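These notes are about the structure you will find just below.
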Amino acid sequence: MKNTERFRAVLNFESTDRLPVIEWASWWNDTVKRWYGEGLSQEIPWDRIQTHFGLDYIQRIWMPLVTPDCPRPKS
């Protein structure tokens, strides 16, 4: 199964070949810098470190919680 198929199957309570292996909380920038400083190959981009560690690849989409057009509390 592909990662996306496996993940969707789990969410739909369907059978899978195995459970997804993911890190749900992304790495901190300082953590990645330290790993590179400790010998992690600079050729491994930060968004592919998860597969280097044997995790399933998932692509995260970062979205702001507040946009300029969101209502603001009155002072």
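The values are calculated or read from the model by the stated rules, or taken from the named source; none is laboratory data. Bear in mind the structure is a predicted one, so any value in this text is a computation, not a measurement. We place every Cβ from the backbone using ideal geometry, glycine too, and count neighbours over all the protein chains shown. For accessibility, only protein heavy atoms count, side chains too; no ligands or nucleic acids. Shrake-Rupley method; radii C 1.70, N 1.55, O 1.52, S 1.80 Å.
Here are the numbers for this structure:
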quantity: Positions within segment 54-75 being open to solvent by 100 Å² or more (accessible area, probe 1.4 Å), more than 15 Å from Thr4 (Cα to Cα) and not small (Gly, Ala, Ser), in sequence order; calculated: Trp62, Met63, Leu65, Pro68, Asp69, Pro71, Arg72, Pro73, Lys74
quantity: Positions within segment 30-52 being open to solvent by 100 Å² or more (accessible area, probe 1.4 Å) and aromatic (Phe, Trp, Tyr), in sequence order; calculated: Trp46
quantity: Residues that are over 16 Å from Pro20 (Cα atoms) and modelled with pLDDT of 85 or more, drawn from segment 50-71; calculated: Asp69, Cys70, Pro71
quantity: Scope segment 1-21; condition of a type outside the set (Lys, Arg) and within 19 Å of Gln59 (Cα to Cα); matching residues; calculated: Met1, Asn3, Thr4, Glu5, Phe7, Ala9, Val10, Leu11, Leu19, Pro20, Val21
quantity: Residue pairs meeting the criteria (Cβ under 8 Å; at least 6 apart or on separate chains; first under 16 Å from Ile61 (Cα atoms), in segment 22-46; second open to solvent by less than 60 Å² (accessible area, probe 1.4 Å) and of a type in the set (A, V, I, L, M)); calculated: Ile22/Leu55; Ile22/Ile58; Glu23/Leu55; Trp27/Ile49; Trp46/Val32
